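Engineer: First, the structure itself, so that you have it in front of you.
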Amino acid sequence: MNPDTIAAISTPPGAGGIGIIRMSGPQALAHLQTVFRPLDKNCSFDSHHFYYGRVVHPEKNQILDEVLAVFMAAPKTYTREDVVEIHCHGNFLVLQSILELLLSLGVRLADPGEFTKLAYLNGRIDLTQAEAVIDILSARTRKGMDMALDQLGGGLYSRVDKIRTALVQMRAVVEVAIDFPDEDIEIIDYESLAEQVNSDVLAPLEKLLRQAEEGKIFRDGISVVIVGLPNVGKSSLLNTLLQEERALVTAIPGTTRDTIEEYLDIKGIPVRIVDTAGIRKGGDEVEELGIERARKQIDQADLVLFMLDAARGVQEEDRQLFITVKDKPLLLLANKCDLKKDRALPDSFVLAGKDLPIIHISAKHQQGIETLKESIFKSVVGGREQWQEEGCAPNVRHKAALVQARDAAIRLRQGLEIKATSDLLAIDLQDCLGELDAIVGITTTEDVLDVIFEQFCLGK
Ligand SMILES: Nc1nc2c(ncn2[C@@H]2O[C@H](COP(=O)(O)OP(=O)(O)OP(=O)(O)O)[C@@H](O)[C@H]2O)c(=O)[nH]1
Ligand SMILES: [Mg+2]
């Protein structure tokens, strides 16, 4: 157990209704009793009960704030140690002065993520659940949040643990064979064991790998950039998607000079949407710089929305600009369709030799926007919508280990097919198991743990 008592401000900096200081460790209650003067003189600090009172500097006798304090006795706490929370007014100066008072009593300032690390080290949660806490804090959409909650609830842990259990059973069989190498009867039923590797190990591993691929979209989101000639209506589309007047819109070509980025939720996908300066030749110096930035955004984008002006028709400049983005995943938009009511619009258009479907929209009059969102969603998720129901999403670290585990499982199956010796089978089994153990945190090196918990903010 951690001999230190640690503390940190757990609420974000800035003003708020309340601010919370959290303390964990063997001296938490003693320190609370030193600084807290409860209104009720007979306060017994029952576990998990709130008490009203004041935090008073014991030497200066100065009142630091009026607070609610709660003591939570181990082990039913976030860290499984004794935990204290002091709920004061959400003023950073107040929070800081109380924290400093605690530090002056010998409490150590917690590292980022240390409370959650303790929860993991003390066995309350596994490593995937600890990582879920980071995802919960950073989720940008409800869908991302649901995935993180599923993981916090042990969703990923239980899926990985099921595979581990199957491997442990197989290992038992193989180990018996190692112990009795000279037995006449075949201890290992190679064929059925190979089948078991397929159904209980490889199939669920493949599924988790697919989920990692798709989960990445919902966790990290995608970057979509709006590209087109000046005045086609790019900034109007940004504003319409955000439902706010974020970017300046004028009839003067060359209005947008810098890139403007905002976040959007498209059916659960966090989308970073970027409006760019209309790309043309012969602009002034500022416009040139804006165009350079636009090009950088295009390079990094997961999807380009290439916008044409339906009223003006396709110009040679449109074609030339299109050539510069043609290799990116893209959607072709014809904006200002409200101005072309009288003339039929084509359903597709050939640009740079590609026959592309056209999405007709009016950014100004909010037409075709739902279809556009649907198309953006489809172009990133593809036909894999069924997955969404499951809510499990292994992250990059998990994925790397899952790939290794799958390779080991394939070697194991090949070994069974050629009836390899038990010693060799045992090696592949152990490799596969080792990777899964690392995912849930049974065998995870200190460096990896450091990398994970460094991502946390202070006080979590
Ligand atoms: N009728 C009509 N006008 C539109 C539509 N979308 C944009 N406009 C008008 O087109 C003009 C240019 O719009 P912007 O959104 O500023 O175009 P932009 O592509 O961002 O232009 P730059 O920033 O100069 O590259 C403005 O006068 C808009 O009101 C539309 O759907 N229909
Ligand atoms: Mg603009």
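The values are calculated or read from the model by the stated rules, or taken from the named source; none is laboratory data. Since the model is a prediction, treat every value here as computed from it, not as a measurement. Glycine also receives a Cβ, built like all others from the backbone with ideal geometry; neighbour counts cover every protein chain displayed.
Engineer: For region 366-386, does any single residue satisfy the condition of being outside any loop (DSSP other than H, G, I, E, B), of a type in the set (A, V, I, L, M), over 21 Å from the mean Cα position of the chain (by Cα) and not assigned by TED's automatic domain parsing to the domain that holds Ile188?
Structural biologist: Taking every residue of region 366-386 in turn, at least one turns out to be outside any loop (DSSP other than H, G, I, E, B), of a type in the set (A, V, I, L, M), over 21 Å from the mean Cα position of the chain (by Cα) and not assigned by TED's automatic domain parsing to the domain that holds Ile188.
For (1) crowded, with 19+ Cβ neighbours inside 10 Å; (2) among the basic types (Lys, Arg); (3) touching a Gly at 6+ places or on another chain (Cβ under 9 Å), each residue gets a yes or a no:
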residue: Leu305; (1), (2), (3): yes, no, yes
residue: Glu316; (1), (2), (3): no, no, no
residue: Arg319; (1), (2), (3): no, yes, no
residue: Phe322; (1), (2), (3): yes, no, no
residue: Lys328; (1), (2), (3): no, yes, no
residue: Leu339; (1), (2), (3): no, no, no
residue: Phe349; (1), (2), (3): no, no, no
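Engineer: Separate question: Select, from Thr255, Thr276, the only residue that is touching a helix residue (DSSP H, G or I) at 6+ places or on another chain (Cβ under 6 Å) and within 15 Å of ligand 1 (Cβ to nearest atom).
Structural biologist: Values: Thr255 fails: touching a helix residue (DSSP H, G or I) at 6+ places or on another chain (Cβ under 6 Å).
Testing whether each residue is touching a helix residue (DSSP H, G or I) at 6+ places or on another chain (Cβ under 6 Å) and within 15 Å of ligand 1 (Cβ to nearest atom) leaves just Thr276.
Engineer: Just the residues that are assigned to a strand (DSSP E or B), in contact (Cβ under 8 Å) with a residue 40 or more places away in the chain and buried (at least 16 other Cβ atoms within 10 Å of the Cβ), please, taken from region 1-56.
Structural biologist: Answer for region 1-56, where residues must be assigned to a strand (DSSP E or B), in contact (Cβ under 8 Å) with a residue 40 or more places away in the chain and buried (at least 16 other Cβ atoms within 10 Å of the Cβ): Ile6, Ala7, Ala8, Ile9, Gly19, Ile20, Ile21, Arg22, Met23, Ser24, Phe36, Val55.
Engineer: Could you run through region 230-245 and say how many residues are more than 7 Å from ligand 1 (Cβ to nearest atom), buried (at least 16 other Cβ atoms within 10 Å of the Cβ) and outside any helix (DSSP H, G or I)?
Structural biologist: Within region 230-245, residues that are more than 7 Å from ligand 1 (Cβ to nearest atom), buried (at least 16 other Cβ atoms within 10 Å of the Cβ) and outside any helix (DSSP H, G or I) number 0.
Engineer: Given the residues Gly282, Gly268, which is the only one that is more than 26 Å from Arg142 (Cβ to Cβ), more than 16 Å from ligand 2 (Cβ to nearest atom), in the same structural domain as Val380 (by TED's automatic domain parsing) and surrounded by fewer than 21 Cβ atoms within 10 Å (Cβ to Cβ)? Quick ask: steps written out before the conclusion?
Structural biologist: Numbers: Gly268 fails: more than 26 Å from Arg142 (Cβ to Cβ).
Answer to the selection: Gly282.
Engineer: Here's a follow-up. Considering each residue of region 351-397, count those that are buried (at least 19 other Cβ atoms within 10 Å of the Cβ), modelled with pLDDT of 90 or more and farther than 20 Å from Ile226 by Cβ, and give that number.
Structural biologist: 2
Engineer: Let me ask something else about it. If Lys76 satisfies every condition in (1) touching a Gly at 6+ places or on another chain (Cβ under 8 Å); (2) of a type in the set (D, E, K, R); (3) surrounded by fewer than 16 Cβ atoms within 10 Å (Cβ to Cβ) but one, which is the exception?
Structural biologist: (1)
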